[in-house]
Amino acid sequence: AVLSHWQDILLLDQQLSEEERLIRDSAAQFCRQHLAPTVQQANEQGQFNPELMQRMGEAGLLGATIDGYGCPAVGYVAYGLIAREVERIDSGYRSAMSVQSSLVMHPIRQYATERLRERWLPKLASGEAIGCFGLTEPEAGSDPSSMRTTAVKDGDGYRLNGEKMWITNSPHADVLIVWAKVISELAGEAPTISGFVVEREQVKGLSTPELQHKLSLRASTTGAIVLQDVWVAAENRLNIDGLKGPFSCLNLARYGISWGAMGAAESCWQTARDYALERKQFGKPLAQTQLVQKKLVDMQTEIALGLQGSLRVGRLLEQQQADPTLVSMMKRNNCGKALEIARNARDILGGNGISAEYGVMHHVMNLETVNTYEGTHDIHALIMGRALTGLQAFF
Ligand code: TGC
Ligand code: FAD
């Protein structure tokens, strides 16, 4: 007989509060109703529909952990559960949700002035406004400390120059969090990295061309941010100096990705199981062969363990006890495992595995990005390696 809770073998459900289960179920319902019907077309056409942000806003999925400003103030575990449901459909949709929540609303909430919070957070929560986060540059990816974008004091503000690359949602963004090196007026003083709230309608010299030819995360728009003498008021500089500014936002986003990647993996695994039960070769279902059962069981094991790890980190975050190293561990593990699971699911579906109709191949393609952005698989190994040995091996 089939185990009644084969889909939740470690009974994660029992470890959630009533409120968390309700949030998860309503996010799942929203995703089935509003995201699933369009995902195949969005991936095939390489298009993100910005109106989806308003639908996500109505469903309370944007800035979910923030208290006030029209946000629901849910816990970190609930936030992870939302990311899991959204990414079960598509990593690109989850990207849109997590950039808005963790990389735009979070820094505005933590480091911007009250006036900017009041101006932007309610609109970002409702999806009426879209935000993006510009850290990566053409010559500075894993090593953001080598960024070339500069901010130079000019009157009552700063003049920004430089180029950001690979920025989720930049072509649609009304508000852009841009990280730059602030060049001091004092001779000999080292530059410091700081963030700036760039409001598209208020500035001149900003362009955000879309990147073309992407074969992954096609249901998400990715662009550049080109800043040519863009002037922003001093008030728009975030109140945080150094790389801990962007990294403190990345902690939250990376944590959400650890849940999201498991959602994509679960979708692939469940499709592979259904397919293997249905499909017969050599006179019996594929699911009745030892090799296929092993693949399905390996998937199940990694998903169950990955979800438990993310749940534990979420609980520690809620108690303010999670060192960022734990986030690196779960982001790295769950993205790497999800990619392997998606590839194995694709394999079990044979030729059908490459068809968009079965909903597995787009996860394979997406997870290639998810394994790379927000710190690559190997960069998170080096972050953990440094925490384990006390020796940094980046350079
Ligand atoms: P390092 O010396 O390690 O640190 C510099 C300062 O930052 C502090 N710090 C952290 N603070 C909070 N949380 C963390 N996780 C932190 N990690 C470091 C650190 O304490 C220090 O503070 P202070 O006060 O002493 O100055 O800096 P490093 O240059 O050696 O860092 C190396 C490394 C590899 C760890 C780091 O650069 C890194 O993580 N690289 C990966 C880059 C990355 O993740 N980029 C992400 C771009 S955004 C993105 O991909 C969005 S995709 C969105 C989507 O669509 O979902
Ligand atoms: P590189 O840093 O050049 O790395 C290339 C390879 O070298 C990797 O395998 C890496 O692990 C390895 N490597 C690098 N350094 C070392 C080392 N010291 N030791 C051993 N190996 C090393 N960025 C943003 O700021 N905002 C966004 O919204 C955003 N969205 C993105 C959306 C998409 C679709 C993609 C693909 C990327 C996005 N990124 C975004 C950028 C992303 O964060 C970077 O691609 C990522 O950090 C890696 O940087 P890189 O591509 O320059 O690779």
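Values for this structure:
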{"read-out": "Residue count, segment 226-244 (criterion: assigned to a strand (DSSP E or B) and within 12 Å of ligand 1 (Cβ to nearest atom))", "value": "2"}
{"read-out": "Helices (runs of 4 or more DSSP H) contained entirely in segment 29-129, each with at least 1 residues that are more than 28 Å from Arg315 (Cβ to Cβ)", "value": "36-45, 51-58, 91-98, 114-126"}
{"read-out": "Exclusive hit being buried (at least 22 other Cβ atoms within 10 Å of the Cβ) and of a type outside the set (A, V, I, L, M), set Gly157, Gly205, Gly188, Gly223", "value": "Gly223"}
{"read-out": "Residue, surrounded by the fewest Cβ atoms within 10 Å (Cβ to Cβ), within segment 371-393, restricted to residues that are among the β-branched types (Val, Ile, Thr) and more than 9 Å from ligand 2 (Cβ to nearest atom)", "value": "Thr389"}
{"read-out": "Only one of Ser328, Ser310 that is of a type outside the set (A, V, I, L, M), more than 23 Å from Leu35 (Cβ to Cβ) and either crowded, with 23+ Cβ neighbours inside 10 Å or modelled with pLDDT under 95 (or both)", "value": "Ser328"}
{"read-out": "Among (1) within 16 Å of ligand 2 (Cβ to nearest atom); (2) out of contact with any strand residue (DSSP E or B) (no Cβ under 9 Å at 6 or more places or on another chain); (3) closer than 26 Å to Asp229 by Cβ, the one test that Leu135 misses", "value": "(2)"}
{"read-out": "Residue match in segment 22-42 (condition: exposed (fewer than 12 other Cβ atoms within 10 Å of the Cβ) and under 24 Å from Ile108 (Cβ atoms))", "value": "no"}
{"read-out": "Subset of segment 158-196 (residues that are more than 31 Å from the chain's Cα centre (by Cα) and more than 13 Å from ligand 1 (Cβ to nearest atom))", "value": "Ser184, Glu185, Leu186, Ala187, Gly188, Glu189"}
{"read-out": "Residues within segment 154-173 that are at positive phi and not in a strand (DSSP E or B), tallied", "value": "2"}
{"read-out": "Enumeration of residues in segment 68-79 that are over 18 Å from the mean Cα position of the chain (by Cα) and modelled with pLDDT of 95 or more", "value": "Gly68, Tyr69, Cys71, Ala73"}
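The values are calculated or read from the model by the stated rules, or taken from the named source; none is laboratory data. Because the structure is predicted, anything quoted here is derived from the model rather than measured. All Cβ positions, glycine included, derive from the backbone under ideal geometry; neighbour counts span all protein chains shown.
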